[in-house]
Every structure is written in structure tokens, then in C-alpha cells.
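Asker: Structure incoming, see below.
The values are calculated or read from the model by the stated rules, or taken from the named source; none is laboratory data. In this text, all values refer to a predicted model and were calculated from it rather than measured experimentally. Because the Cβ atoms are built from the backbone with ideal geometry, glycine has one as well, and the counts that use them run over all protein chains shown. The area values use the complete protein model at the heavy-atom level, side chains included, leaving out ligands, DNA and RNA. Shrake-Rupley method; radii C 1.70, N 1.55, O 1.52, S 1.80 Å.
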Amino acid sequence: MTTISNRLQDILATIQSAQACSPFAQAVKLVAVSKAQPASAIREAYQAGQTIFGENYLQEALDKQAQLTDLNIEWHFIGPIQSNKTQPISQHFTWVHSVDRLKIAQRLNEARPADLPPLQVCIQVNVSNEDTKSGVLPEDLAALAAEIQKLPKLKLRGLMAIPVRPYTKEQIAQFKRVRQCYDALLEKGVALDTLSIGMSDDYAVAITQGATFVRIGSALFGARPRQA
Ligand SMILES: *Cc1c(COP(=O)(O)O)cnc(C)c1O
């Protein structure tokens, strides 16, 4: 039987070999995407050595966090953010990958408890030329980054993107566009070190395009019990 622990070891080995081929010589971390998975699956992955977990839905995440308070997990919020959810998100997560507008950033900043370190954030960029996907358009990115940098309780770390699937040449082109956006910000003097791209079916490619976080769900936990 293939267990979460077996799959984790396979994924970590794949990450390592992709890293060895990457021209960017970057460190890569795995975000285990546990949406729609029970707390017991998170516990199993944690016991196998995984400490970073990503969740998309606030209430579901809070329920699981309450069951796992004995574990030293670093929680990442990676889903779309409604403005009425910013307060609990800012209180209960270490990272947010999916900031895509100033209002959300401002609300996360206001809600971040003073006794916690700054909330680590990525701006989600829309590189798929589709107005259905969330994310800021590349042409609006620099202005948003400049505003977020002024918020004292947020620490802007980088960019996140969800290229449209399925896996094609166009998908690689989308990874390259995120990388271009990232390099353009670096050139403007914005200090970034994080590129959150790559999921179960394309993380090895994403790493060769510079990913520093890969967000992996189904390849680690198996198919999700319900569509999420
Ligand atoms: C669900 C999800 C993932 C993981 O997807 P898999 O294909 O199961 O690896 C990664 N990032 C985001 C934003 C997601 O919503």
C-alpha cells in the first residue's frame, strides 16, 4: 500500500532532482495542500516530516487547526480571499500566497496581531490572460507591490500563480511570465525571494523555472475526497 509517507519521500526526491537541474540554484520548499483532507491525513504527513501545510478554505482550515494544536505546523493560506475573512486569516496563518488587491492587503495588515511577526505574503499574479482567474494583471503588479511594501505588519516575499491547465507548452510560457514579473520587480529594487508556482502535475517543471514553493495536494494525499 502506498502511504502518505511513501509519496512524500518520492516527491522530495523529485524536488531534489529538479532542483539539481534548475538554472536558478534556488532552495525549494514543499507546501502540502491539505484542502478537503481530514486532520488525520495532515497528522500522518507531519509525522513523516512535513511541516508546511496549505489550505484554501478558512472555516475548514480553522476546524483542522483546532484538532492539530499539538503539532508545530506552519500554516499557509492559498485560496481566494473574501474581505470579510481577512481578520481570522491574518490571525491564524503565517503566510498568505493569494493577495491580489490592495484592499485585502490593508485589511490583513490591520488585523495582524501585534505580538506576531509580520504576515508573510505573496501577490497572486494572473499570467493566463483569462479574466475568470483571480490574480493581479502583470501591468498592475508594480503599483500593488509598492503599496504593500508600505504596510508594516505585512512582509512582501514574492509572487504566486496558478497557470491554467492542462500541461502544455503554454503552461511553461505562463511560468516564464511569472518569472519575468518577478525579475521586473527585483530590478525595481523590490526585495523578493519567493516564487510560489507548481502543483502536483507540473512541479518539476516549475522548479526548473525558478519555483521556491511548490504547492502539492493530490500527489501527496491522493485524490481529494470531494471536489475542492
Ligand atoms: C488545490 C491547490 C493546489 C494543489 O493542487 P494539486 O493539483 O492537488 O497538487 C495548489 N495550489 C492551489 C492554489 C490550490 O488551490
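Asker: Based on the mean of other beta carbon atoms within 10 Å per residue, what is the order of 119-125, 12-18, most packed first?
Answerer: Ranking the peptides 119-125, 12-18 by packing returns 119-125, 12-18.
Asker: What order do Ile172, Ile148 take when sorted by accessible area (1.4 Å probe), most exposed first?
Answerer: Greatest to least solvent exposure: Ile172, Ile148.
Asker: When only Cα pairs under 8 Å and 6 or more residues apart are kept, what is the percent relative contact order across the range 148-228?
Answerer: 25
Asker: Hey, another quick one. Given the chain, what count of lysine pairs have C-alpha atoms under 21 Å apart, with each pair 8 or more places apart or on different chains?
Answerer: Within the chain, the lysine pair count is 19.
Asker: What is the distance, in nm, between label points placed 7 Å from the Cα along the Cα-to-Cβ direction at Thr14 and at Ala184?
Answerer: 3.1
Asker: Test of understanding: what is the full-extension gain from Lys150 to Asp193, defined as 0.36 nm times their sequence separation minus their Cα-Cα distance?
Answerer: 13.7 nm
Asker: Now for a separate question. Around Ser200, which amide H atoms from residues at least 5 apart in sequence, or from another chain, sit under 5 Å from its own amide H, with H modelled in the peptide plane?
Answerer: Result for Ser200 returns Gly217, Ser218, Ala219.
Asker: Grab the other residues whose beta carbon is less than 12 angstrom from that of Glu110, score K and R as +1, D and E as -1, and report the net.
Answerer: Residues close to Glu110 contribute a combined charge of +4.
Asker: Ile172 label point, 7 Å along Cα→Cβ, cut-off 16 Å on backbone N: hits in the range 20-44?
Answerer: Only 21-24 pass the distance filter.
Asker: Taking K and R as +1 and D and E as -1, what net charge do the other residues with C-beta under 11 Å from the C-beta of Ala142 add up to?
Answerer: That works out to -3.
Asker: In addition: Only residues of the range 85-110 count here: report those whose backbone N is under 19 Å from the spot 7 Å along Cα→Cβ of Ala143, or say none.
Answerer: Answer for this model: 99-107.
Asker: Separate question: Given labels modelled 7 Å from the Cα in the Cβ direction, how far is it in nm from Ala114 to Ala25?
Answerer: 4.4
Asker: Can you list the HN-Hα couplings for the range 209-214, worked out from phi with the Karplus curve (6.51, -1.76, 1.60; θ = phi - 60°), rounded to whole Hz and with x for Gly and Pro?
Answerer: Each residue of the range 209-214 in turn: 9, x, 4, 10, 10, 10 Hz.
Asker: If you add up the charges near Gln67, with Lys and Arg at +1 and Asp and Glu at -1, over every other residue whose beta carbon is less than 14 angstrom from its beta carbon, what do you get?
Answerer: -3
Asker: Between Gln50, Gln59, Gln106, find the one with the highest GNM mean-square fluctuation for the chain; connect C-alpha pairs within less than 10 Å.
Answerer: Residue with maximal mean-square fluctuation among Gln50, Gln59, Gln106: Gln59.
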